[in-house]
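Readers should treat all values here as calculations from the given coordinates under stated rules, not as data from a laboratory. Please read these numbers as outputs of a predicted model, since none were measured by experiment. Here the Cβ is made from the backbone with ideal geometry for all residues, glycine too, and neighbour counts use every protein chain on show.
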């Protein structure tokens, strides 16, 4: 039985729709794509998070002057990622999803390694900004690849579950940073941490051998299907898609702004405000990351269970209610520690639906362009949040600054979600 026959047969069966069986019901093609993209998300997270984890050390040794400069470098990477994501989305519509994914992984791995050779803050800013092009592009190519490969009944769970790869990569980065900073002199340790970012390039070997191009994209490229959009990436700004594109971009501003307001400065917040040292810092981050991993999986299940819009609204509201007291209030150590798991849980859960909800808004010929633009325009505006957090932190304090901008982002996301049409169960060929 071919992958296509297997998919059709399974889609036609009446099965109990439980989280226990959805993965086992995937075809060989779907599973290989799942693990290829899962690994891509994990390696992406590793190469992005090593900078956040290095910030306390870079400030302590005088390589960076303070939180404002650290926020500027983080923002530069996110701004370039917004451009890279849109370009990768357009490129994926031209040369294919898998090939674009390979190129973006090689790009961000190379420039993460190059960051370790920086001799001053300006050089680090340039290296991180260049890394951002690949970082943004990887999500755009991987999300559309997953969205088009996984059938509609499992799309929300699969895209949400693959998003949990981010927590795995973040966790590996925390373990690596804890070991590296505990074993080596700080002047050398941060460079070694960035050099480890070269390893994700090995993932390209797996992608080349085992992950095929989605059938729906191949059919559209060969003219077997002709949904709207015409294949011109500017079609997402046409009369039929303009409003949808704007709402999707607004949704992603909230999602990205809220997430990066928190995670960019979380290690610095724990080190400076909560006064945690290397091992205590690593242990606390491990609780947050464990919560994030569980949140991604819960969000994936909830996306298909109650729908895209209700999931985003409920988890964004919950994220606000947990982030606010943990960052703005001086909670007792025991209470703060207990709340670290739900902090990671709710601050990540809403991200599980981003891939599926965006994939279901755009027709196949411009799906990569639409997803790439919306997600990464949101990332570009959201990228300003870490800069303003770092700047405002020098006046109001880091915790209050995080709470202000995270709350603003979550509110934006809720409004945008309420404006979107519910798309649970939609077939992509019909969009």
What's the angle, to the nearest 10 degrees (0 to 90), between helix 28-60's Cα axis and the longest principal axis of the chain?
-> 20
Between the alpha carbon centres of the stretch 235-275 and the stretch 97-146 the gap in Å comes to 19
Computed over the stretch 83-159, the relative contact order (Cα-Cα under 8 Å, seq sep at least six) in percent reads 42
Degrees between helix 3-12 axis and first principal axis of the chain (Cα, 0 to 90, nearest 10) | 80
Segments 390-397, 41-48 sorted - mean Cβ within 10 Å per residue, highest first | 41-48, 390-397
Taking the chain and counting helices only, DSSP H stretches of n ≥ 4 at -39,500 (n - 2.57) each over all residues, the nearest-500 ellipticity at 222 nm comes to -25500 deg cm²/dmol
For the chain, what's the relative contact order in percent, using C-alpha pairs closer than 8 Å and at least 6 residues apart?
-> 27
Ranked list, fewest to most other Cβ atoms within 10 Å of each Cβ, for 101, 351 = 351, 101
For 305, 243, order by how many other beta-carbon atoms lie within 10 Å, fewest first | 243, 305
To the nearest 10 degrees, how steeply does helix 165-183 sit against the main Cα axis of the chain, on a 0 to 90 scale?
-> 30
Most exposed first, judged by fewest Cβ atoms within 10 angstrom, 157, 244 run 244, 157
Ranked packing of 271-277, 414-420, most packed first, by mean Cβ within 10 Å | 414-420, 271-277
Shape call, the stretch 274-385: gyration tensor on alpha carbons, a/c limit 1.5 | prolate
